[in-house]
Amino acid sequence: MSLLDASGPIEFAPGAWLLPNHASEQAADILAAIRECVRQAPLRHFMTPGNKPMSVLSSNCGDFGWVSDSKGYRYQATDPKSDKPWPDIPSILLNDATQVAEQAGYPEFLPNACLINVYKPGAKMGLHQDRDESDLNEPVVSYSFGLPARFIWAGQTRTGTKQRLPLNHGDVLVWGGPSRLNYHGIDKLVEGTHPLTQQTRVNLTLRKA
DNA sequence: TAGTTACA
DNA sequence: CGGA
């Protein structure tokens, strides 16, 4: 982190933290490792249970991957496209996520699932809960790389007051505890170009499945 | 409802 | 809301 990016962690809701620019130094290495994951398990548009395509492109690494199709949301150990195991979570990412979780008050976080979501301009993510994990005491750690986005943070229902947080390259979010089931999403991605990712936002979300 | 659209 |  350079002296110009000195803002520290921000607790924007109970147990929910934004770590601005936390991962910018490791970004190139993490993205290189994720590029290799995506070579082995290609990006695809998941279908929602209502059989509508998501606008983001997705893949996974880890012992389990989050998938969605007409049968619903779930974690599974193999890529439905290939029936092969997902690639390993890159160790640089796994180690950092554990450290980040500890900083936010969630010690001994050992994620076994990393969802890779790639946003092109126009892609978005509607308000949803992360609730397909078996142990909701474990937090969610989410990395943003490349193009900026606006994160929408709601309460335990979709309605009501929402916060909007800017997410820039290298920012990391952690939420758990009382905030673990809060609805959240991403506004439609605005056009732009980033030196490391071109016209792309890369989001990596680590969880214990 | 991790989806889209209509309309005030 | 409504298609699957």
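The values are calculated or read from the model by the stated rules, or taken from the named source; none is laboratory data. Because the structure is predicted, anything quoted here is derived from the model rather than measured. Heads up, the Cβs are rebuilt from the backbone with ideal geometry, glycines too, and the neighbour counts pull from every protein chain shown. Just the protein is used for accessible areas: all its heavy atoms, side chains included, with ligands, DNA and RNA removed. Shrake-Rupley method; radii C 1.70, N 1.55, O 1.52, S 1.80 Å.
Brief remarks on what is shown
- Residue check for A:Arg158: within 16 Å of DNA strand C (Cβ to nearest atom) and open to solvent by 10 Å² or more (accessible area, probe 1.4 Å): yes
- Verdict on A:Val202 being in a loop (DSSP other than H, G, I, E, B) and among the β-branched types (Val, Ile, Thr): no
- You will find that of A:Arg201, A:Arg164, the residue that is among the basic types (Lys, Arg) and within 14 Å of the chain's Cα centre (by Cα) is A:Arg201 and no other.
- Counted residues, the stretch A:58-74 - those being away from DNA strand C (no atom under 16 Å from the Cβ) and surrounded by fewer than 19 Cβ atoms within 10 Å (Cβ to Cβ): 2
- A:Ser55 being within 16 Å of DNA strand C (Cβ to nearest atom), assigned to a strand (DSSP E or B) and either crowded, with 20+ Cβ neighbours inside 10 Å or at pLDDT 95 or above (or both): no
- Candidate set: the stretch A:99-113, residues that are assigned to a loop (DSSP other than H, G, I, E, B) and small (Gly, Ala, Ser); chosen: the one surrounded by the fewest Cβ atoms within 10 Å (Cβ to Cβ): A:Gly105
- Set A:Ala41, A:Ala32, A:Ala77: member being more than 16 Å from DNA strand B (Cβ to nearest atom) and buried (at least 18 other Cβ atoms within 10 Å of the Cβ): A:Ala41
- Pair list, Cβ < 7 Å and 6+ apart or interchain, from the stretch A:70-82 residues that are under 18 Å from A:Arg39 (Cα atoms) to residues that are more than 16 Å from DNA strand C (Cβ to nearest atom) and of a type in the set (Lys, Arg): A:Thr78/A:Lys84; A:Lys81/A:Arg44
- Counted residues, the stretch A:191-209 - those being open to solvent by 40 Å² or more (accessible area, probe 1.4 Å) and closer than 14 Å to A:Phe145 by Cα: 5
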